[in-house]
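Shown next, in structure tokens, is the structure this report addresses.
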Amino acid sequence: MAPTASMLFLSYHQLHRPASAAEAAPASRRKEAEEEGSNGGAAGGRVRVSLSSALSLLARRREAAPTPTPQAAAAKEVTRRGGGGGDGVAGEGEPEEAASLERRFEEAAHEYETLLKLRPIVRGNRKPQAARSSAWSVSSIPKILRDGAAVPFSSPELRVAQPLVGCSRRSPPAPPPARAVITMKIAVEGCMHGELDKVYDTLRELEKAEGVKIDLLLCCGDFQAVRNENDLQCLNVKPRFREMKSFWKYYSGQAVAPYPTIFIGGNHEASNYLWELYYGGWAAPNIYFLGFAGVVKFGNIRIGHYERPPYNENTIRSVYHVRHYDVLKLMHVKEPLDIFMSHDWPLGITEYGNWQKLIREKRFFEEEVNKRTLGSEPAARLLNKLKPPYWFSAHLHCKFPAVIQHGEGGPTTKFLALDKCLPRRGFLQVIDIPSGPGPHEIQYDEEWLAITRKFNNVFPLTRMPFTMLDEQVDTQDDLQWVRNKLNARGAKPIDFVQTAASYDPSCQASNPSITVHCRNPQTESFLQLLNLPYLLDSSNSYGVSRNESSSQTGQALDSDDIELPDDEDDPADDDD
């Protein structure tokens, strides 16, 4: 608050009235002053006067003051400099401190008058108007005396306008309100091994405990989508580990997945059912299989994946080259991905994490880690090419995080491998990823459809040797074709369709017969969307011509341009 008129008036008279004069004041005047102070007046018995009266009285006092004689002026100057002190003017005039205070008071009064010119006065209920210059702000003067005592610099009672250095005359505009960042909570699970009920129950408990809502569940392989006894016989595990588990409930409709679920295959899968959905599709209502390789969208999140073929040692030979073909297609992905999934770890990933702790927990990994043979070499090539922000894996039944910096100043990939669904094991992780407002649903990815259309005519179904070349194949024409198609049709896959009877626990188990895969309506719809022939029939595995379909193929790609190496067969993996 600014100094009041009574403060200025009283302070001035306290400075200029000698002590003897104050003592000689009539008792009646002192009594009035005391009564004024007891009635809520200013502290110290100040009188209430207007500012104009105080300034007028100050001017009249200066005019009425007698002109000092030369001798008196000289004596006063000597007193101020500390050179005199006995009799004469020095003893009768004001002391040096009073003279200094008088000068400071006059400076304060001048600054206060300046403040009145800069700041409007508020009277009654009128609202204050903005000051003419916004380059001024109120700050305190260094020090001033009030009733003979020093007022600190930070005192709010005495404030004058001070210019701000480097301040413009217009106040900067208020910053726009911060936009709320929309995030998607994605749960990532390691090896499912058919334990859908347990994983979904865990997520429900997590939502209750944390007060959150899970938007999507990702499973990194060994999902074991077993519908019936026939699928169980095709499951690539030792007979003593074959168990129906809980997927059949969701396939039959007895249970419904409470969260949108996306899974990839692993090395312990029912090969016959997943081969029907080679390009991806609904394995059950609200449970989507990503296919053997590819990219889909969930909202505006792009999710890619690569996996090893889920076949047993008898059938893996007829589709061995499929994984090299899938790697070739993924190497042509140019648009950035948000998440990438693989069942196996990328080769050499242990160098970017705490591999010493990994060896302490899994001692049988030590030799592979030291020889740098732990993991998948094709997955490592994809990691170096795609550089996704997140990469999730499973397979080795342990939790292992790592961070990969792709070159100096390049992007970073956060890698996380998760365990299988068991008590007190690290099999589940929830992450927040920035996302658009929705809709949060699975849709086809334009770029991946264009790549699939381009490479479909060299789909490898025989043991013929192929070599993979490094040069990129142009897919721009196919991409524009796909965009036009999706604009007319929409990007959502068709709904789930059952293709086999579901397991019935009330029926007595019979000797199941191994059946070949059937044509899944979802796969046929996918190929019709791209005007591509169906090449997944078992007869094509023996070299039957691929051009027997009446459907039109995509733009031809010379098979001489792509060859896939004939490696050693992968041994059947048993890590249970």
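Quick check: net charge around ASN531, other residues with Cβ under 14 Å of its Cβ, Lys/Arg +1 and Asp/Glu -1?
So the environment of ASN531 carries a net charge of +1.
Going by accessible area, probe 1.4 Å, with all protein chains left in place, what is the ranking of MET244, MET341, largest first?
Ranked list, largest accessible area first: MET244, MET341.
So how exposed is LEU396, as accessible area in Å² (1.4 Å probe, rounded to 10)?
Accessible surface of LEU396 is approximately 30 Å².
Excluding ILE442 itself, calculate the net charge of residues whose Cβ lies under 15 Å from the Cβ of ILE442, where each Lys or Arg counts +1 and each Asp or Glu counts -1.
That sum, taken over residues with Cβ under 15 Å, equals -3.
Between ASP197 and ARG240, what FRET efficiency follows from the Cβ-Cβ distance if R0 is 25 Å, with the result rounded to 0.05?
FRET efficiency, ASP197 to ARG240: 0.70.
First measure r as the distance between the Cβ atoms of ASP504 and GLU377, then evaluate 1/(1 + (r/R0)^6) with R0 = 35 Å and state the FRET efficiency to the nearest 0.05.
Computed FRET efficiency for ASP504 and GLU377 comes out at 0.20.
For the pair GLN429/GLN472, report the inter-label distance in nm, with labels modelled 7 Å from Cα in the Cβ direction.
In this crude spin-label approximation the distance works out to 2.9 nm.
What's the local net charge at PHE223, with K and R +1, D and E -1, over the other residues with C-beta under 11 Å away?
Residues close to PHE223 contribute a combined charge of -4.
The values are calculated or read from the model by the stated rules, or taken from the named source; none is laboratory data. Computed from a predicted model, the values in this text were never measured in an experiment. In this analysis, Cβ positions are derived from the backbone assuming ideal geometry, glycine residues included, and neighbour counts consider all displayed protein chains. Calculation scope for accessible area: heavy atoms of the full protein, side chains included, ligands and nucleic acids excluded. Shrake-Rupley method; radii C 1.70, N 1.55, O 1.52, S 1.80 Å.
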